[in-house]
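Report on the structure given below.
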Amino acid sequence: MVSSKLTRIRISLTVLIIILVIGSTAGPQHVKAQQAVPAVGVACTTDVSPNPTFNLIAQSGYIQMPDMNTMYMWSYALSGGIFQHPGPILCVNEGDTVTIVLQNQIANYMGNPVRTSLIFPGQENVLANGSPVQADPANNSLTNSIAPAGSVTYSFVASRPGTFIYESGTDIKLQIPMGLFGALIVRPTLGADHVYNRVDSQFTPGEEFLALLSEVDPYQHQAVESNRFFNLNNYRARYWLINGRGFPDSIADNNATWLPNQPYGALARIYPYNAGSHPYPAVERFINVGTEEYPFHPHGNNGMLIGRDGYPLEDGGQDLAMEKFSFNIGPGQTWDVVFKWFDAENYNPVTNPIPVAAPDLVSLTLGMFFSGSPYLGKSETLPPGKNTLNECGEYYIISHNHALFQLDSFGQTMSGPITYLRVDPPQPNTCP
Ligand SMILES: [Cu+2]
């Protein structure tokens with residue numbers, strides 16, 4: 001599948017390189033709203049434990065799609081920040097009393113003010129303005145909603161660790177597809193480098209990744225933007241996104257300058273497993289806020305599913321984690337998956353060469369991420385006219401939604417929910 005589409009990838013990547021060059025010289029600087037944002041991996045928005053407070057503003061705005069369309073969205077900004085999609089990744093500690101102040105700045109729709117709210121699936125005893133949340137059926141709302149320019153303060157105790165969603169609880173068949181969702185990560189008492197309060201859920205700091213999977217029906221968004229009625233019977237997704245971006249934007253860094261309203265990349269970057277120097281796995285937190293199952297498949301690696309919907313897979317202390325080839329995340333679900341990359345054959349050009357004759361480079365079709373060498377950590381001079389984005393002999397392994405019709409952006413194939421696993425050579429290395 002992948003090799004037959006290489007040409008298309010290379011065209012896309014050529015576009016990416018052009019954008020990279022333009023973006024690095026002329027792009028506007030993104031005002032950072034998060035603290036200490038890593039280039040790759042989960043970019044948490046945090047506040048002081050044990051009483052973190054987050055100010056979210058529901059807004060209308062625009063994002064860039066991989067087919068160069070612009071899409072009208074509803075999403076969340078941090079107070080003092082700019083419109084972003086998806087909403088900020090909120091990271092808190094188990095036991096924290098989390099306060100989220102929601103302000104409503106969504107534009108009118110069809111002449112009517114748009115009420116909105118937040119729900120926190122998996123959190124118990126949520127308060128709104130200090131009282132237990134209440135359904136608001138008159139406004140088609142699962143919980144206390146607010147009018148434009150209004151504000152409501154939700155609070156709850158993050159009583160158990162895991163990966164969670166926050167999203168609109170009002171007119172949800174309209175507001176969630178319009179983009180009103182984000183991720184909430186609750187870190188366990190055992191430590192920030194554990195997924196759950198299980199010693200076997202420890203992961204490598206800096207190797208924590210998020211894949212928030214979503215979809216867009218552009219006709220719905222166009223109707224909302226232009227104040228026209230949209231018949232939900234006609235709903236049909238035509239874009240699929242990972243962390244609010246489609247490939248190849250998905251592999252760009254967090255806060256890439258040319259995506260000022262889509263701050264979150266989806267590249268995973270890890271080191272090979274080593275019992276002494278790199279013993280713990282990476283973790284990928286999957287979230288599905290769409291309307292159907294997304295079977296996400298990390299090529300080259302099975303993963304170990306250790307938790308779902310904020311519960312570790314265990315029963316009476318018995319470990320029920322399972323190794324899987326593909327992660328078929330259902331709508332509204334979150335899955336926590338740990339994985340390691342093993343240099344199983346440990347090939348080395350001198351001591352353990354690959355036991356086949358490699359074709360001459362000029363006889364190969366070279367991908368844009370090929371180092372010129374099959375050996376991890378090695379680079380070779382490429383034939384004249386061939387360029388590479390490879391930096392230090394690292395490997396790139398594609399990971400993508402395995403429902404292949406979803407690798408599409410309104411007809412632009414080989415885009416959408418695709419990203420890479422980048423495997424760097426063991427340290428010390430020459431990687432930037
Ligand atoms: Cu594939």
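Data table
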{"quantity": "Test result for Asn302, modelled with pLDDT of 95 or more and out of contact with any helix residue (DSSP H, G or I) (no Cβ under 9 Å at 6 or more places or on another chain)", "calculated": "no"}
{"quantity": "Residue list for the stretch 290-332, restricted to those being crowded, with 19+ Cβ neighbours inside 10 Å, touching a Gly at 6+ places or on another chain (Cβ under 7 Å) and of a type in the set (A, V, I, L, M, F, W, C)", "calculated": "Phe327"}
{"quantity": "Residue ID - farthest from the chain's Cα centre (by Cα), chosen from residues in the stretch 260-277 that are open to solvent by less than 20 Å² (accessible area, probe 1.4 Å) and not aliphatic (A, V, I, L, M)", "calculated": "Pro272"}
{"quantity": "The lone exception for Pro177 - which of (1) open to solvent by 40 Å² or more (accessible area, probe 1.4 Å); (2) not in a strand (DSSP E or B) it fails", "calculated": "(1)"}
{"quantity": "Boolean, Gln123 is farther than 27 Å from Leu232 by Cβ, surrounded by 19 or more Cβ atoms within 10 Å (Cβ to Cβ), out of contact with any Asp or Glu (no Cβ under 7 Å at 6 or more places or on another chain) and modelled with pLDDT of 95 or more", "calculated": "yes"}
{"quantity": "Residue that is surrounded by the most Cβ atoms within 10 Å (Cβ to Cβ), among those in the stretch 49-71 that are assigned to a loop (DSSP other than H, G, I, E, B) and among the aliphatic types (A, V, I, L, M)", "calculated": "Met65"}
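Let's see how each residue does on (1) out of contact with any Pro (no Cβ under 9 Å at 6 or more places or on another chain); (2) in a loop (DSSP other than H, G, I, E, B):
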{"position": "Thr291", "(1), (2)": "no, yes"}
{"position": "His297", "(1), (2)": "yes, no"}
{"position": "Gly300", "(1), (2)": "yes, yes"}
{"position": "Glu323", "(1), (2)": "yes, no"}
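This table checks each residue for (1) within 14 Å of the chain's Cα centre (by Cα); (2) surrounded by 18 or more Cβ atoms within 10 Å (Cβ to Cβ); (3) not small (Gly, Ala, Ser).
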| residue | (1), (2), (3) |
| --- | --- |
| Phe181 | yes, yes, yes |
| Arg187 | no, yes, yes |
| Arg198 | no, yes, yes |
| Asn233 | no, no, yes |
| Ala252 | yes, yes, no |
| Pro279 | no, no, yes |
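The values are calculated or read from the model by the stated rules, or taken from the named source; none is laboratory data. Remember, it's a predicted structure, so these values are computed and weren't measured experimentally. Note: ideal-geometry Cβ built from the backbone for every residue, glycine included; neighbour counts use all protein chains shown. These area figures cover heavy atoms from the full protein model, side chains too; ligands, DNA and RNA do not enter into them. Shrake-Rupley method; radii C 1.70, N 1.55, O 1.52, S 1.80 Å.
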